[in-house]
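Notes for the one structure printed next.
Read-outs throughout are calculated quantities, based only on the coordinates presented, and are distinct from any laboratory measurement. These numbers were taken from a predicted model, which means no experiment stands behind them. Here the Cβ positions follow ideal geometry from the backbone for every residue, glycine too, while neighbour counts run over all protein chains shown.
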Amino acid sequence: MSEPILKLDGIHKTFKKGRDVTIPVLQDISVNVNRLEILCLVGESGCGKTTLGKLMTGLLKPSSGKVYFEGKDVDKLRGSEFKRYRRAVQIIHQDPYASLNPAHTISNTLSFPLLRHKMVRSQSQARERAAELLSMVDLTPVGDIIDKYPHQLSGGQRQRVSIARAMTTEPELIIADEAVSMVDVSIRIGLLKMLLSLRTEMNMTIVFITHDLALAKYLAWYGRIAVMYLGRIVEIGRTQDVVMNPQHPYTRVLLSAIPEADPERTRQKEHIQLRSEDIPRLTELPPGCAFHPRCPWYVPGVCDTTIPRLSNAPDMPSDAQVACIPLTRGEELAFYDA
Amino acid sequence: MAEQDVILEVDDISIVYQAERGDVRATNNVSLKLHKGEALALIGESGSGKTTLSLGLIRMLPSNARITSGKVMYTRDGKTRNVLDLSPGDLRYFRWHDCAMVFQGAQNAFNPVLRIRQQFMDTARSHGINDEQKVKARTLELFKLVRLDPERVYESYPHELSGGMKQRTLLALGVLLDPQVVILDEPTTALDILTQRAIIDVLNEMQQKLNFSIIFISHDLALAAEMADRVATMYAGQIVEIGPVNDIFYRPLHPYTLGLLRSVPRLDRGQEDLISIPGEPPDLISPPTGCKFHPRCQFASDKCRTDAPPLVEYAPRHFAACWHTDQVIAERDATLGAAPTFSGETPNV
């Protein structure tokens, strides 16, 4: 396989709260983003998926560990190499109401990165290119949109502008952070389809961050999913394997808990009961596996003492990994009976 | 379901907001019946009028809103009254005793400087119940029902509770005075999947034990599929389809409902071809003529552009407002039931 476009190696990220409290937001994250793939980061709020996306984009620096772009340490990139990284990796933020500057017209919003990265030579060229980008994201007729301000557009239209803005630098990797969660159901799929066709057209790699497993499944059917829990990746593998045959206890519980838009099916679905509904705080993480106090398959003396590493388990496809000691030892999971 | 079971009957209600740009017709000629012990889901996108409608039912609309027509007939113990005619005193009793509403965003519903116990007492007291022991007993019993540690939560401040615990506390507060109707606005939005699951389970249990009726507002089709007995699809301020949950999900008759169903990714299917509804929801200040959905509808004809279709009963208790249900049925049978690549294969959970 060719070199991954982005490689994260042993990433830790902590945030300080006040003087004494350190919050470990990400711990020991190693993951490759392969060229042209779609990788979904899935998890509940507080699992660190957005922080991870920002680290990939270079908007945050890891506390320790390295991010490699095309094999080069991002922290050591200088001059034209750094600019190239910045151009090649773009992010689409979640909230189109907050991520567009209300004081700039759409034309300005799109022209700025075009000029900054010298994608065009003049204001008039920038405007031309902005118009092209707007028609690429189906905001037509372009003349009706280009001189408007964000507040004159609907949420769906704004998110299209955000996508167009990310396209200005002709990126190779797009980090889409909950890019459709703020728009209505009926137009969500339209946005995703547009993103997918842009990807084909422009040979892009996509990292899609979402809390919605069904959406991840739809988008990355031929891609991969990484499931995150409390700052760590607990399972990673091909989407079809993760969704149809989840391995990590957390992934299993999550999939069993999701209501589905099919009355008979969703009512017959068996829900796996957690041992505890409380999510531990990041500042008071339990010892061993962070999921053990809630895990229905908890193994005393193992799960509460040793932190599990992501590795392949005997029953898994060779390209998949899970962070669960009983599984990686090849043991059958058995319900814990206190 | 027998007519005498009807506890809330909304008849031809219209609600208008006065805005600078003109009148926003947020809810138009909506009629529906709510039966005893039933869960009715109002689904639709933002701006479809579902929250406005439910605020109208308890007369909690903001001051720039007017109810321009209609009645809300409420029945308790064989007596039927129009909620819109209630005196201020009667209205005060109606709210919470008869009909409680749990708003979106439980995080902000509690007063941060009062203990939970005080907030429950305040609610009871302001509705004329002063027996502290009785209120405490009822509160603790409800906490048990919503699977909270009763004594601990009773003495807590809101900030000591997690989001899911607050939402459950709020549900308990909602049913404190034993209402017949509980309106839930997006009860699980903004909650994590596992917390959401706990809330759904708790709600189902509560409803079975206390036998109240639920109107819940959601844009989440999966939640409606799981919790509702009947589902009403709202579009541009109108109910465009209403019927038993299985009819709506397996045999939809309105192109908008069909469009929603086809745009939701499903976990139980392999690679799917989802289809989004073209266009965007209409501006309710100058809505389209005829059927309000026609600019986005693949079946739209000249008739749709001029004449608004009435809600017609096509199957028992299953109503839809569309001139071309025959075409919707043909399309639905061709696409909705289309065998997915991995049909029948379920996640090995």
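A few notes on this one:
- Positive-end extreme of charge dipole, the protein assembly as shown - chosen from B:SER14, A:ALA226, A:PRO300 (charges on Cβ): A:ALA226
- All C-alpha to C-alpha distances of segment A:272-328, sorted into 10 Å bins beginning at zero, yield P(r) values of 24, 47, 27, 3 percent in whole numbers.
- With 0.36 nm allotted per residue and the present C-alpha distance subtracted, the A:GLU37-A:ARG329 stretch has 102.1 nm of extension available.
- Segment B:1-71: trypsin sites (Lys or Arg not before Pro) in DSSP loop, at most 10 other beta carbons within 10 Å: B:ARG21
- Relative exposure of A:TYR222, A:TYR85, B:TYR250, judged by other C-beta atoms within 10 Å (fewest first): A:TYR222, B:TYR250, A:TYR85
- Mean sequence separation of contacting Cα pairs (under 8 Å, at least six apart), scaled by the length of segment A:6-229, corresponds to a relative contact order of 29 percent.
- Residue order, fewest to most surrounding Cβ atoms within 10 angstrom, among A:HIS12, A:HIS211: A:HIS12, A:HIS211
- Listed pairs A:LYS7/A:LYS148; A:LYS49/B:LYS36; A:LYS49/A:LYS193; A:LYS217/B:LYS36; A:LYS16/A:LYS269; A:LYS118/A:LYS217 exceeding 32 Å between Cα atoms: A:LYS7/A:LYS148; A:LYS49/B:LYS36; A:LYS217/B:LYS36; A:LYS16/A:LYS269; A:LYS118/A:LYS217
- Here's the picture: a label point sits 7 Å out from the Cα of A:TYR222 along the beta-carbon direction, and within segment B:254-282 the residues with their amide nitrogen under 15 Å of it are B:271-273.
- Cα shape, the protein assembly as shown, gyration tensor, a/c 1.5 rule: oblate
- Scanning chain B for GluC sites (Glu not before Pro) that sit in a DSSP loop and have at most 15 other Cβ atoms within 10 Å, the longest stretch containing none of them is B:156-344.
- Candidate cross-link partners of B:LYS136 among the lysines, defined by an alpha-carbon separation under 16 Å and a same-chain spacing of 8 or more, comprise B:LYS144.
- Cβ-based exposure ranking for A:CYS324, A:CYS47, in which fewest neighbours within 10 Å come first: A:CYS47, A:CYS324
- Shape call, chain A: gyration tensor on alpha carbons, a/c limit 1.5: prolate
- Student exercise, the protein assembly as shown dipole from Lys, Arg, Asp, Glu Cβ charges, in Debye to nearest 20: 2060 debye
- Relative contact order for chain B, counting Cα pairs under 8 Å that sit 6 or more residues apart, in percent: 19 percent
- Percent of beta bridges antiparallel (DSSP, chain A, rounded to nearest 5): 60 percent
- Taking Cα centre as origin and charging only the Cβ of basic (Lys, Arg, +1) and acidic (Asp, Glu, -1) residues, the dipole magnitude of segment A:6-229 rounds to 720 debye.
- Three-way shape label, segment B:45-124, alpha-carbon gyration tensor, a/c 1.5: oblate
- Shielding by partners for peptide A:19-31, expressed as the average number of C-beta atoms from other protein chains within 10 Å of each residue's C-beta, is 0.
- Per-pair calculated FRET efficiency, R0 = 22 Å: B:ASP85 and B:ASP12 via Cβ, rounded to 0.05: 0.90
- Model label zone, B:SER46; criterion: amide N under 18 Å from point 7 Å along Cα-to-beta-carbon; scope segment B:210-226: B:217-221
- Modelled this way, with points 7 Å down the Cα-to-C-beta line, the labels at B:GLU141 and B:SER69 are 4.5 nm from one another.
- Gain in span if fully extended, B:MET60 to B:GLU20, counting 0.36 nm per residue against the direct Cα distance: 12.3 nm
- Take the Cα of B:ASN246, step 7 Å toward its Cβ, do the same at B:VAL312, and the gap between the two points is 2.5 nm.
- Listed peptides A:19-28, A:88-97, A:48-57 appear in the order A:48-57, A:88-97, A:19-28 once ranked by packing, highest mean of other Cβ atoms within 10 Å at the front.
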